[in-house]
Amino acid sequence: MHSYLKSIGFNNITRHDLEIILKDIEVHPDIQGVTDLDRKNDDRIVEFRKNYSHDMGIAVIGSLQSDGFRLEYYYPYFCGSSDSSHEDVEIVRMSDREMFQGILDDDNVGIDLVFHLIDEISIIHADYETGEEVNHGKVRLSGMCDTATVLFPLDDEIKPDDTYLASDLADMMKRALGGDVAAVTELSMDDLRVYEELSNRLKSEDVLTILSSYIMPLGIESDKYTVLGEIKSKKQYMNSVTHQIIWVIGLVVNGINIDVCVNRENMIGEPAVGMRLKCNLWLQGRIA
């Protein structure tokens, strides 16, 4: 059973209930996609989707054969509405199934963000077959949280200058990647200064009182992250089947927007705009 089903309101459902839900998606989908991508035995790949709340639901993927539909896998999805980045995205096909991941290299983050691509399957294959990087103008990242904790905001006196982080630092990194020796030297000196400052502050402070936001890989799966971000928006929705309440929260993490969803039962604290959210999430995204 997929571990992130609880994020969209299917907390503690039984395997029997899940089988009924998956069959209902196949018979009564909200969205259906078909692709003619060549595969062994010339099977056609079919995707069924059904929404169970606002922009979130379950996708069922399988092959259409002469004797009918054969389920191969399923996954929960959540479509974010905030523009996250305008950088190019490289599409990579997973080796064991017809699933795709996007790789986003955004200077604001500092690392390559790997996310599960949730665009319609026909669009995914059309883009992937070009064999090139894809840039459709913007990327909308979203996250499904298994757990989340609301934290107080940082004191304004010790809060980092996000304007500097988002503009000057990003520009300096681009110059360094282009071979600018002065930029490389300045970045190295800045790293040493920050390391020394953090080392001194960690002697008497907790790390969460120093960092305003971060995004770091979680475990060995490439699209799982641990995140700390500032809450910019919040809304509540209800799962139409289980009636469980889901929080949809807009976060700003290292200068980029990520919309996340989390089951109210798996959140500690009450979210409010201006506060921070610490969570573990499965990163998803759409190329618009």
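Fully extending the segment from Val273 to Lys138, taken as 0.36 nm per residue of separation minus the present Cα-Cα distance, adds 46.1 nm. Cross-linked pairs Lys50/Lys232; Lys23/Lys224; Lys138/Lys235; Lys50/Lys234; Lys6/Lys224; Lys138/Lys174: Cα-Cα separations exceed 18 Å for Lys50/Lys232; Lys23/Lys224; Lys138/Lys235; Lys50/Lys234; Lys138/Lys174. Per-residue surface analysis assigns Met238 an accessible area of about 100 Å², computed on protein heavy atoms at 1.4 Å probe radius. Please report the relative contact order for the stretch 216-276, taking Cα pairs under 8 Å with a sequence separation of at least 6, and give it as a percent rounded to a whole number. Normalised by residue count, the contact order of the stretch 216-276 is 31 percent. Annotation: amide H of Tyr73 within the under-5 Å range of Ile61, sequence separation 5 or more or interchain, hydrogens built in the peptide plane. Once the Cα-Cα distance is subtracted from the 0.36 nm per residue extended length, the Met189 to Thr14 segment shows a gain of 57.5 nm.
With both labels modelled 7 Å from their Cα along Cα-to-Cβ, the Asp180 to Ser199 distance reads 2.8 nm.
On full extension, the segment bounded by Met238 and Asp55 gains 64.7 nm, given 0.36 nm per residue less the C-alpha separation.
The values are calculated or read from the model by the stated rules, or taken from the named source; none is laboratory data. What you are looking at is a predicted structure, and each value in this text was computed from that prediction instead of being measured. Neighbour counts are summed over all protein chains in view; Cβ atoms, including those assigned to glycine, are modelled from backbone coordinates with ideal geometry. Calculation scope for accessible area: heavy atoms of the full protein, side chains included, ligands and nucleic acids excluded. Shrake-Rupley method; radii C 1.70, N 1.55, O 1.52, S 1.80 Å.
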